[in-house]
Amino acid sequence: MTQAKEFLTSFSFYLQIDGVVDNLPIKSFSTAQVETEVPSQIMGTTKQGKAVLQATPTVVNSNPIDLTVTTMIMDGDKQFFEWFKKCIAPDGGSRQVMTERKSGSVFALKQEGSISYQCDFKNAFPKSYQPAEFDASSGEMATEQWTIVCESFLRTK
């Protein structure tokens, strides 16, 4: 009898970005859909006059891919924000976005802790930053939200 495959939970995952963060626990991660253009084209007609239609995949959507990451705010933890400052220069200084583009991965873990799912991204940099909202009447943990843009996003495991 074969052993059942394990379904992954959506809460056991982390983020790694080369030279920025390693094994960063994150609250949430999402990305836009990656898709290909599919034109439908009449290829001709049959002897009975019926149209022959073929849907054919063409180019993959080549727009930059946005990744949305929500991180928990931890005391003294500013690596993500420092990377953002180098790339975007929100204070009007010089930008280092071309030299600060990074590769990274999102990992999902099985119950026993080994990696079962991995998506890699390349040439990424932070595009936007949403600071935490503080509300004294809320019981929520403080979070920051980042939008990272990358040139490729591919599931590798």
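The values are calculated or read from the model by the stated rules, or taken from the named source; none is laboratory data. For clarity, every value in this text was computed on a predicted model and none was experimentally measured. Backbone-built Cβ (ideal geometry, glycine too); neighbour counts: all protein chains shown.
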Members of the range 96-113 that are among the charged types (D, E, K, R) and closer than 19 Å to ASP66 by Cβ: GLU100, ARG101, LYS102
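Residue-wise test of (1) touching a residue at least 24 places away in the same chain (Cβ under 8 Å); (2) more than 25 Å from VAL34 (Cβ to Cβ); (3) in contact with a Phe, Trp or Tyr (Cβ under 6 Å, 6 or more places away or on another chain).
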position	(1), (2), (3)
PRO64	yes, no, no
TRP83	yes, no, no
ILE88	yes, no, no
GLY92	no, yes, no
ALA108	yes, no, yes
LYS122	yes, no, no
PHE125	yes, no, no
Which numbered condition ASP77 fails, given (1) part of a loop (DSSP other than H, G, I, E, B); (2) farther than 20 Å from PHE29 by Cβ: (2)
Within the range 11-34, considering residues that are free of Cβ contacts under 8 Å to residues at least 40 places away in the same chain and of a type in the set (S, T, N, Q), the one surrounded by the fewest Cβ atoms within 10 Å (Cβ to Cβ): GLN33
Candidate set: the range 110-157, residues that are assigned to a strand (DSSP E or B) and over 16 Å from the mean Cα position of the chain (by Cα); chosen: the one nearest to ASP18 (Cα to Cα): ILE115
Selected residue (criterion: nearest to ALA89 (Cα to Cα)) from residues of the range 109-150 that are surrounded by 13 or more Cβ atoms within 10 Å (Cβ to Cβ) and among the acidic types (Asp, Glu): GLU144
Count of the range 43-70 residues which are under 30 Å from PHE13 (Cβ atoms) and among the aliphatic types (A, V, I, L, M): 4
Extreme residue, surrounded by the most Cβ atoms within 10 Å (Cβ to Cβ), among residues of the range 85-108 that are within 19 Å of TYR14 (Cα to Cα) and not aliphatic (A, V, I, L, M): GLY104
Subset of the range 64-91 [more than 17 Å from ASN23 (Cβ to Cβ) and among the acidic types (Asp, Glu)]: ASP66, ASP75, GLU82, ASP91
VAL106 being in contact with a Leu (Cβ under 7 Å, 6 or more places away or on another chain) and either hydrophobic (A, V, I, L, M, F, W, C) or on the phi < 0 side of the Ramachandran plot (or both): yes
The one condition in (1) among the charged types (D, E, K, R); (2) touching a Cys at 6+ places or on another chain (Cβ under 7 Å); (3) over 22 Å from SER28 (Cα atoms) that LYS47 fails to fulfil: (2)
Odd one out for THR45, checked against (1) touching a strand residue (DSSP E or B) at 6+ places or on another chain (Cβ under 8 Å); (2) of a type in the set (S, T, N, Q); (3) under 30 Å from TYR129 (Cα atoms): (3)
Residue among GLN3, GLN96, GLN16, GLN33 that alone is in a loop (DSSP other than H, G, I, E, B) and modelled with pLDDT of 85 or more: GLN96
